[in-house]
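I have placed the structure first, in the form of structure tokens, so that the comments after it can refer back to it.
The values are calculated or read from the model by the stated rules, or taken from the named source; none is laboratory data. None of these values were measured; they are calculated from a predicted model. Here the Cβ positions follow ideal geometry from the backbone for every residue, glycine too, while neighbour counts run over all protein chains shown. For accessibility, only protein heavy atoms count, side chains too; no ligands or nucleic acids. Shrake-Rupley method; radii C 1.70, N 1.55, O 1.52, S 1.80 Å.
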Amino acid sequence: TESAKAKEEFSENSLNELIKEWLLLARTYGMKNDYEKTMLYYEKAIQVDSLNTDNKVEYAKYLFSIREYKKAESNYLQCLEIFRALEQENPKAYLSNIAYTLARLANLHRVTIEYQKSLEEHEEALEICRKLAIEDPKKYLDNVARMLNNMGILHRAINEESKALAKYNEALEIYRSFPKEEIATYREDLANTLNNLGVIYYDFKEYQNALEKYEEAIKIFETLVSENPKVYLADIALSLHNMAVIHVELTENEKALEKYEGALDIYRKLVGENPKVYLPDIGGTLINLANLHSALQEDPKALEEYEEALEIFRKLATDNPKVYLVDLALILNNIAVFHDKLEEYTKSLIEFDEALEIYRKLAEEYPNIFLPFVATVLQSIADTYNIITEYRKSLKVSEEAVEIYRNLVEKDQTYLSKLEVALSNLSWYSLFSKEYAQSERAAREVIEFGNTYFSPKINLAHALLLQNRFTEAEKIYKELSQTIYQENETYSQVLLDDLEALEQAGAIPEERKEDVEKIRKIMNP
């Protein structure tokens, strides 16, 4: 018996050492971005010790970081099942584990746009933390505040800004309620909550309130920088970046440039020691700087910044495609829009196509997240094709975008406004391809949705006119010619400009030109 026990103990110790070795290998390969080997060694460790929730949670966090959301979800759900079973025997010991696992699942489901699941998980996690905090506020009250912050982020994602504001304010109240001797422990959380409030006030266009919150957050981070500059300098840069966004809205361009450049300067200092962490921040800040310089008609500066950002994200996506392909697609789309502005359409189409290819691949695995991006890029491509008079290509691409939005609307009505815009664009592009009936159908569909903007009505008038339905078209044209557009101007000039564009494109049949002239006289008597 003693011999058997010794052997068993030896075997168990050997197995534990092997598990430790596998976990070490997993972490090492994770740092090298070798996904297959990282997952192999995590799975070895988990397979041998399937009830070890610490290892499962660590693996799930890694999977989430590389956007393997389905596998991450599976591991979190397994942990949750284990904790719920253990909680039946010992509620006090495992309730907090249930709450933390629910919170991680909720954040994952927010990212994968499964908002109802995320909301339910957040609410259960928050309820548990509130109960625990009543019994032991010193241990759990800060967790209540963190849950409130997470829920605020979710509410903002689903356009419930008022609820998000309430959650952030409650979290702020909790942090401010801590005794002075404890506040130092939660300074970082307090500053992050202030940043979140700044974002919400920005949404409400309460720009002064937002700036005040960012400035207070920066002051806190400045006190933390003296203790750990490598960590907290980046937080100051983020707050500066957020302030720059507000200055752009206020057309305080010099202040915006100053803040963006301040953030960029910090990131450039930090990148030398940790390029993997801070190169993405440099790239993101360069994109915003480029957008601002483009708006200020400083195109050479904008182009230089776009190209540096593109180079950064190409390198990052090559080294770590799971994480950075999304960012590469975003910068490709941005620089394509910029080349459209410069009328460099060949370049823009190449960049749009590359972005589209990335989004299509990503959408195969995560359609809820990336199909909207596919549709957005398709619409940009359609517009570019229309500008360079490749009308058939424009129409084909636009039809695909509409079909994607139709499918999205079936699952989520929040995409209805996107579908309306896509249909209006389809209606317009159809005119140039002489598909007048298709233009009419698309325009009428938008109008039936009850939308009040006038683009579909304008397209409908053109489609009816070019289908030899003059009386119907004339009625709409007259109505629009008496409708105020902007600064006491009616839609008359818009209609005249449209007819000119269609004529230049050869989209008006010879037999309809007389009718077009009649409409021109109505618009411009």
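Residues that are within 30 Å of Lys361 (Cβ to Cβ) and buried (at least 20 other Cβ atoms within 10 Å of the Cβ) do not occur anywhere in the stretch 91-99. Against the list (1) open to solvent by 60 Å² or more (accessible area, probe 1.4 Å); (2) of a type in the set (D, E, K, R); (3) modelled with pLDDT under 95, the condition Asp49 fails is (1).
Residue-by-condition table, conditions (1) in contact with a Phe, Trp or Tyr (Cβ under 7 Å, 6 or more places away or on another chain); (2) open to solvent by 60 Å² or more (accessible area, probe 1.4 Å):
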{"site": "Thr251", "(1), (2)": "no, yes"}
{"site": "Leu270", "(1), (2)": "yes, no"}
{"site": "Pro275", "(1), (2)": "no, yes"}
{"site": "Leu279", "(1), (2)": "no, no"}
{"site": "Gln297", "(1), (2)": "no, yes"}
{"site": "Pro321", "(1), (2)": "no, no"}
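Selection of the stretch 111-146 for residues being over 30 Å from Lys411 (Cα atoms) and either touching a strand residue (DSSP E or B) at 6+ places or on another chain (Cβ under 6 Å) or surrounded by 15 or more Cβ atoms within 10 Å (Cβ to Cβ) (or both) yields Ile128, Cys129, Arg130, Leu132, Ala133, Tyr140, Leu141, Asp142, Asn143, Val144, Ala145, Arg146.
Considering the stretch 200-212, and only residues there that are buried (at least 20 other Cβ atoms within 10 Å of the Cβ) and aliphatic (A, V, I, L, M), the residue that is farthest from Leu148 (Cα to Cα) turns out to be Ala210. Pairs are defined by a Cβ separation below 9 Å, a sequence spacing of at least 6 or placement on different chains, a first member in the stretch 349-368 that is outside any helix (DSSP H, G or I), and a second member that is of a type in the set (Ser, Thr, Tyr); the pairs so defined are Tyr366/Tyr69; Tyr366/Thr112. Out of all the residues in the stretch 308-316, is one or more farther than 21 Å from Thr112 by Cβ, open to solvent by 20 Å² or more (accessible area, probe 1.4 Å) and in contact with a Phe, Trp or Tyr (Cβ under 7 Å, 6 or more places away or on another chain)? Taking every residue of the stretch 308-316 in turn, none turns out to be farther than 21 Å from Thr112 by Cβ, open to solvent by 20 Å² or more (accessible area, probe 1.4 Å) and in contact with a Phe, Trp or Tyr (Cβ under 7 Å, 6 or more places away or on another chain). Gly506 meets all of the listed conditions (1) open to solvent by less than 30 Å² (accessible area, probe 1.4 Å); (2) assigned to a loop (DSSP other than H, G, I, E, B) but one, namely (1). Checking the stated criteria, Ile369 turns out to be closer than 21 Å to Pro280 by Cα, of a type in the set (Val, Ile, Thr), under 19 Å from the mean Cα position of the chain (by Cα) and at pLDDT below 95. Residues that are under 26 Å from Phe370 (Cβ atoms) and basic (Lys, Arg) were ranked within the stretch 406-455; the one that is modelled with the lowest pLDDT is Lys411.
Does at least one position in the stretch 454-470 carry a residue that is part of a loop (DSSP other than H, G, I, E, B) and among the hydrophobic types (A, V, I, L, M, F, W, C)? Give the derivation first.
Here is the first cut: in the stretch 454-470, the residues part of a loop (DSSP other than H, G, I, E, B) are 454, 467-469.
With the extra rule that they be among the hydrophobic types (A, V, I, L, M, F, W, C), the set shrinks to 454.
Yes, because at least one residue in the stretch 454-470 is part of a loop (DSSP other than H, G, I, E, B) and among the hydrophobic types (A, V, I, L, M, F, W, C).
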